[in-house]
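*Asks:* Following this message is one structure expressed as structure tokens.
Please treat every number below as a calculation from the coordinates, not as lab data. None of these values were measured; they are calculated from a predicted model. Every residue, glycine among them, receives a Cβ derived from its backbone with ideal geometry; neighbour counts consider all protein chains shown.
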Amino acid sequence: MMEAVTLNNITKTYGKEKAVAVDNVSFSVNRGELFGLIGPDGAGKSSIFRMLTTLLLPDGGTATVDGFDVVKNYIEIRNTVGYMPGKFSLYQDLTIEENLNFFATVFGTTVEENYDLIRDIYVQIEPFKNRRAGKLSGGMKQKLALCCALIHKPTVLFLDEPTTGVDPVSRKEFWEMLKRLKAQNITIVVSTPYMDEATLCDRIALIQNGKILGIDTPDNIVKSFDGNLYNIRATKMYNLLRDLSAYQQTASCYAFGEYLHLSLKQDDEKTKTELLNHLKNGGHTEIEMLPVTATIEDCFIKLLKN
């Protein structure tokens with residue numbers, strides 16, 4: 001079987017109001033793939049992860065992990081997957097070494113038996129092995145949690161927003177560790193709200209409000225951006241955004257770093273000239289407008305608008 005994970009029309013609702021968290025979601029993850037679930041907080045990423053790791057029951061649809069049904073075969077799934085939840089969930093009062101030994105024992109193995117799998121990660125925190133987990137930095141907690149998720153040699157690894165709240169250096173180190181794990185033929189499914197991390201995955205699914213907006217490789221998603229995109233700025237950015245949003249030829253306009261990202265309904269030299277004249281007549285000065293290559297975030301915003 002080529003697919004390590006499959007979801008078919010999975011849904012999940014919460015509360016008496018039946019608020020929809022996951023809305024008829026379907027996708028599959030290939031064996032040995034690094035697959036990213038990309039979307040903001042509240043998009044439904046954690047609910048999907050909890051259903052795939054058998055911590056939540058779906059309200060509709062079916063899903064399998066390694067060929068095991070998430071409802072019928074929950075015991076087999078729990079023995080074969082590794083799961084790193086978004087919130088640090090290890091025992092705060094136990095040391096690094098004690099946490100690792102505990103998780104190895106739970107799965108009927110030892111640290112020594114599977115040490116090769118975690119060596120590259122563990123050597124970075126081993127000098128502090130007698131320090132309590134609650135006293136570790138964010139980056140060290142992240143490495144310890146990953147070691148505990150790997151110690152029983154899982155075939156599929158689920159990582160729910162593993163780099164949220166972690167410094168940029170630790171984020172970079174973490175993704176380098178994931179590349180090395182992927183080379184060992186471990187299927188990795190990772191969720192993140194950071195659009196820049198999407199480019200590090202083999203394929204990604206863009207999700208918002210429990211719905212999948214698109215699934216493809218990062219390159220193909222960027223290539224699918226239709227039309228031209230411009231960086232534009234002037235002296236008074238708030239006024240510029242207001243005036244561009246109201247301009248009749250504007251297709252979309254939103255803040256993006258120190259610029260606004262602008263796309264036009266009719267994109268030709270005449271329209272651009274008329275636009276610049278319109279802005280100058282409106283009192284805008286030091287206007288700069290340059291073409292720019294679309295990013296994953298631009299594609300996400302465009303999919304949302306559509």
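*Asks:* Hey, what angle do you get for helix 168-182 against the long axis of the chain, alpha-carbon based, 0 to 90 degrees rounded to 10?
*Replies:* In the chain, helix 168-182 runs at an angle near 60 degrees to the longest axis.
*Asks:* Can you pull the Rg over Rh of the range 230-305, Cα-only, Kirkwood?
*Replies:* Taking Rg over the Kirkwood Rh, I get 0.93.
*Asks:* Which trypsin sites (Lys or Arg not before Pro) in the range 144-202 pass both tests, a DSSP loop state and at most 10 other beta-carbon atoms within 10 Å?
*Replies:* Those that pass, being in a loop and sparsely packed, number zero.
*Asks:* With the crude spin-label approximation of a point 7 Å out along Cα→Cβ, what separation in nm comes out for residue 278 versus residue 2?
*Replies:* 4.8
*Asks:* Turning to a different aspect of this structure: Read phi for every residue in the range 151-162 and hand back ³J(HN,Hα) as whole Hz from Karplus 6.51 cos²θ - 1.76 cosθ + 1.60, θ = phi - 60°, with x for Gly and Pro.
*Replies:* 5, 9, 6, x, 8, 10, 10, 9, 10, 9, 6, x
*Asks:* Two-decimal Rg/Rh of the chain from alpha-carbon positions, Kirkwood Rh?
*Replies:* Values: Rg = 23.0 Å, Rh = 21.6 Å.
Rounded to two decimals, Rg over Rh is 1.06.
*Asks:* Now for a separate question. So what is the 222 nm mean residue ellipticity for the chain from helices alone, if each DSSP H run of at least 4 adds -39500 (n - 2.57) and you divide by all residues, rounding to the nearest 500 deg cm²/dmol?
*Replies:* That comes out to -10000 deg cm²/dmol.
*Asks:* Follow-up question, since we're still on this one. Relative contact order for the range 230-305 using alpha-carbon pairs under 8 Å, separation at least 6, rounded to a whole percent?
*Replies:* On the way: 80 pairs, mean separation 30.4, N = 76.
Reported as a whole number, the value is 40 percent.
*Asks:* Could you give P(r) for the range 165-276, binned at 10 Å from zero, as whole percent values over all Cα-Cα pairs?
*Replies:* Reading upward from the zero bin: 11, 30, 29, 20, 9, 1.
*Asks:* Sequence gap at least 6, Cα distance under 8 Å: using those rules, report the relative contact order of the chain to the nearest whole percent.
*Replies:* Relative contact order for the chain comes out at 20 percent.
*Asks:* Follow-up question, since we're still on this one. Against the longest principal axis of the chain, how steep is helix 237-246, in degrees 0 to 90 to the nearest 10, with axes from Cα atoms?
*Replies:* 70
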